[in-house]
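Visitor: Structure incoming, see below.
The values are calculated or read from the model by the stated rules, or taken from the named source; none is laboratory data. Not measured: the values here are computed from a predicted model. Here Cβ is always computed from backbone atoms with ideal geometry, including for glycine, and neighbour counts include all displayed protein chains.
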Amino acid sequence: MIQRIQTLYLFIAAVLLLVASFFPFYTFNNGQIIMDGFSLHSASGQKMFSTIPLNIINWLAALLALITIFLFKKRILQMRLATYTIIILLGFYLLLIYYRFYALPKIETITYSKLEIYSLFPVISAILIYMAARAIRRDEQKIRAMDRFRD
């Protein structure tokens, strides 16, 4: 389990997702408004609305990546869970786009927005999970090839 490269990919992806949930995804109006995984709030701390669904999606994807690591004897299930995790991360970005372009402009006028580096962690995680799924598929192909030689 530990010696497989996909374990490393999945673990790094889970760590990145968990780290991203505690830092801001967006800053608006030169840092006056901050969007993180818990809320959209002003720099003074006044909460405008909750963005907890972003964190729930992030944590769910991280949990699925960690669960996938421990299913090393069930490679087909591992590939499915990796695919589901990537789809969940796509949902994360759809929700982030919704908050940025539809929900926020109804509350506040935006003059400047900056995408923070932490909002790229889910993309990096999705790439790592895809690489893990490819490595799992290669393992499955090797096992099937060995089974053919045994028969």
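Visitor: Looking only at the stretch 9-45, which residues are of a type in the set (G, A, S), closer than 18 Å to N58 by Cβ and either touching a His at 6+ places or on another chain (Cβ under 6 Å) or assigned to a strand (DSSP E or B) (or both)?
Guide: Step one: filter the stretch 9-45 for residues of a type in the set (G, A, S), giving 13-14, 20-21, 31, 37, 39, 42-45.
Now restrict to residues that are closer than 18 Å to N58 by Cβ: 13-14, 20-21, 37, 39.
Within the stretch 9-45, S39 is the sole residue that qualifies.
Visitor: For the stretch 32-47, name all the residues that are in contact with a strand residue (DSSP E or B) (Cβ under 8 Å, 6 or more places away or on another chain) and more than 30 Å from I129 (Cα to Cα). Even if it seems obvious, please write down each step before you answer.
Guide: Filtering the stretch 32-47 for residues in contact with a strand residue (DSSP E or B) (Cβ under 8 Å, 6 or more places away or on another chain) gives 32-35, 38-43, 47.
Those that are in contact with a strand residue (DSSP E or B) (Cβ under 8 Å, 6 or more places away or on another chain) and more than 30 Å from I129 (Cα to Cα): Q32, I33, H41, S42, A43, K47.
Visitor: Okay, moving on. Which residues, taken from the stretch 38-48, are of a type outside the set (S, T, N, Q) and surrounded by fewer than 22 Cβ atoms within 10 Å (Cβ to Cβ)?
Guide: F38, H41, A43, G45, K47, M48
Visitor: Given the criterion among the β-branched types (V, I, T), in contact with a strand residue (DSSP E or B) (Cβ under 7 Å, 6 or more places away or on another chain) and surrounded by fewer than 19 Cβ atoms within 10 Å (Cβ to Cβ), identify the matching residue among T83, T27, T7, T51.
Guide: Of T83, T27, T7, T51, the one residue that is among the β-branched types (V, I, T), in contact with a strand residue (DSSP E or B) (Cβ under 7 Å, 6 or more places away or on another chain) and surrounded by fewer than 19 Cβ atoms within 10 Å (Cβ to Cβ) is T27.
Visitor: Is it the case that the stretch 57-64 has a residue that's buried (at least 17 other Cβ atoms within 10 Å of the Cβ), over 16 Å from M131 (Cα atoms) and modelled with pLDDT of 95 or more?
Guide: Checked against the condition, which is being buried (at least 17 other Cβ atoms within 10 Å of the Cβ), over 16 Å from M131 (Cα atoms) and modelled with pLDDT of 95 or more, the stretch 57-64 yields at least one hit.
Visitor: For the list (1) exposed (fewer than 15 other Cβ atoms within 10 Å of the Cβ); (2) at pLDDT below 95; (3) closer than 24 Å to L17 by Cβ, I need the number of the one condition that I127 fails.
Guide: That leaves (2) as the condition not met.
Visitor: Quick one: is K74 more than 19 Å from the chain's Cα centre (by Cα), loosely packed, with under 15 Cβ neighbours inside 10 Å and closer than 18 Å to I136 by Cα?
Guide: Considered against the rule, which asks whether it is more than 19 Å from the chain's Cα centre (by Cα), loosely packed, with under 15 Cβ neighbours inside 10 Å and closer than 18 Å to I136 by Cα, K74 comes out as yes.
Visitor: Is it the case that the stretch 78-94 has a residue that's more than 10 Å from the chain's Cα centre (by Cα) and over 20 Å from A135 (Cα atoms)? I'd like the intermediate steps shown before the answer.
Guide: Of the residues in the stretch 78-94, the ones more than 10 Å from the chain's Cα centre (by Cα) are 78-84, 94.
Pick out the ones that are also over 20 Å from A135 (Cα atoms) and you get 94.
Yes: the stretch 78-94 contains one or more residues that are more than 10 Å from the chain's Cα centre (by Cα) and over 20 Å from A135 (Cα atoms).
Visitor: Let me ask you something else. Using the structure shown, decide if I97 is aliphatic (A, V, I, L, M), within 17 Å of S119 (Cα to Cα), part of a helix (DSSP H, G or I) and free of Cβ contacts under 8 Å to residues at least 12 places away in the same chain.
Guide: Against the criterion (aliphatic (A, V, I, L, M), within 17 Å of S119 (Cα to Cα), part of a helix (DSSP H, G or I) and free of Cβ contacts under 8 Å to residues at least 12 places away in the same chain), I97 qualifies.
Visitor: For the subset of the stretch 104-117 comprising residues that are assigned to a helix (DSSP H, G or I), among the aliphatic types (A, V, I, L, M) and surrounded by fewer than 15 Cβ atoms within 10 Å (Cβ to Cβ), which member is nearest to the chain's Cα centre (by Cα)?
Guide: Just the residues of the stretch 104-117 that are assigned to a helix (DSSP H, G or I), to begin with: 104-107, 117.
With the extra rule that they be among the aliphatic types (A, V, I, L, M), the set shrinks to 104, 107, 117.
Those still in the list that are surrounded by fewer than 15 Cβ atoms within 10 Å (Cβ to Cβ) too: 107, 117.
Values: I107: 27, I117: 14 Å.
So, considering only residues that are assigned to a helix (DSSP H, G or I), among the aliphatic types (A, V, I, L, M) and surrounded by fewer than 15 Cβ atoms within 10 Å (Cβ to Cβ), the one nearest to the chain's Cα centre (by Cα) is I117.
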